[in-house]
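Structure first, commentary second.
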Amino acid sequence: MGFVHQAISALRIILNPSIRKSSINPQSSFNESTIVAALLSITLAACGSDGSPGPSGPSPQPPASSDTLRAAASAQGRLLGTAVQSSFLSNGQYDAVAGREFSYLTAEYEMKWNSLEPSPGADTFGAGDAIVAYAMSRGQRVKGHTLVWHGSTPSWLNSLPQAEFRNAFERHIRTVMGHYQGRIHAWDVVNEAIADDGSGLRDTVYRQKLGDTYIADAFRLARAADPQARLFYNDYGGEGMSAKAGRIYDLVSDLISKGVPIDGVGLQMHVSANNRPSDDSIAANMRRLAGLGLTIHISEMDVRIAGLPGTEQMRLDAQKAAFHDIVRVCVLEPRCEAITFWGFTDAHTWLTGDTPLLFNQQYAAKPAYTGVLDALRGK
C-alpha cells in the first residue's frame, strides 16, 4: 500500500493551492513541471514502490539479495551512490542496475543552475523531479548537486549588475532548496571554490560580484531554506594531504569558527589507477576533517585506466585495486558516510575515451565491482 500514500500526496500537491505555493516552491508559482513530477511520482510508485521511507526517514533498506553493493554498504552503515541522468532511467538495463546496486543517487547534470534556470525566472525542475521520484519509489536517498558552481553558471547571470546578481543568487538557493525541501538528504552547496594550486579561492564570477563571503552566504541561505538537508562543500584534487587539501581544510575550519552551518565535505576522487593519493594520505585527510566534526563523502569517484601499460586484464586489475583500496579507507573511517561513483556504466561517462566505472558498456560487472564489494565486506 506504500504507493497509495505517495499517490495521495502527489494529488494533494496538484489540487491544493496552499500546498503548491508553500510546500513545493515558495518563490515561484505552480507550473507544469511540478504537475509532471507529481504524476511521475504516482506512476513510479504504482509500478515499483516497496513502501520505504523518503530521504528524511531511516536508512533505506537494501534489496533482498545480499550479493549487491547496496546490501554490503548498508551492512557497513554506508550509503552507496551513483550519479544518474533522468533520460537513462527508462532504459531497462540502466534502471535494473541503478535500482539494484545503489542506495544514494546524485543528479549528474540536472540540478545544476544552468539546467534549472536557463533564463531568468524560468525554473525547469522536471528532470530533477524525475530523479527524486525514481529514488523515492526505490527507497533510495538523493544528494542535490550543486547550488553554486562556476562551471554551471547560466550565461545570463554573468552580465548582471552586482545588486541584481545578489538577488538572483539568493533567489536561486531559496527556490531550489524550497522546491526539494524534505526530499533531499544532502546538498553540495558550493562546488570547487578553491584554486587548483591551493593558493586561495578561485576567481569566479561569484567572488567578483559578491566577495569572499559568498560561500558563507550560500550555506546560511541553504540552511534557512531547508533546515533538515545536510550541507556539503565539494571539491576535487584535495582527497589526500596536499596544498589544495590544506586550503579546503582551512576554508571549512573558518566557516565552522564563524558559525556557518556546514555538515560535511565531499572528496570527489576522480583519480587514475596509477596516479592517485596514497591510502594513508587519504585516511589522514579524512581524519582531520572528521576531527572538525564533519561528515565525509567520497562524492564523484571514477578510476581512469586509459593509457596504462600492460594488457587489458592488467589495466582492469589495477582499476580493481584502486577502487578497493579507496573504498576500504572510507569503510575504516567512522565519519565517512557515503561513497558515490560518477556513473556506473562505461556506456555513459563524462570521461570519453576511457572506461572508468564498475560496469562495462554492456552493463556487465567488471573486476572493479568485485573490488568494491570486497572492500565493503571488509576483505
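Data table
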item	result
For the stretch 230-294 versus the stretch 74-91, the gap between their alpha-carbon centres in whole angstrom	23
Packing-based ranking, highest mean first, of 74-87, 267-280 given that Cβ atoms within 10 Å are counted	74-87, 267-280
S242-Q162 pseudo-label distance in nm [points 7 Å out on the Cα-to-Cβ vector]	3.4
Order by protection proxy (mean Cβ within 10 Å, highest first), peptides 235-241, 258-264	235-241, 258-264
When each of K112/K379; K244/K366; K209/K244; K244/K379; K143/K258 is checked by Cα-Cα distance, pairs over 28 Å	K112/K379; K244/K366; K244/K379
Packing-based ranking, highest mean first, of 347-359, 326-338 given that Cβ atoms within 10 Å are counted	326-338, 347-359
Low-density loop positions, chymotrypsin sites (Phe, Trp or Tyr not before Pro), the stretch 109-142 - DSSP coil, at most 12 other Cβ in 10 Å	none
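Rule-based calculations on the coordinates, nothing more; no lab input. Model, not experiment: these values are computed from the prediction. All Cβ positions, even for glycine, are placed from backbone atoms using ideal geometry, and neighbour counts span all protein chains on display.
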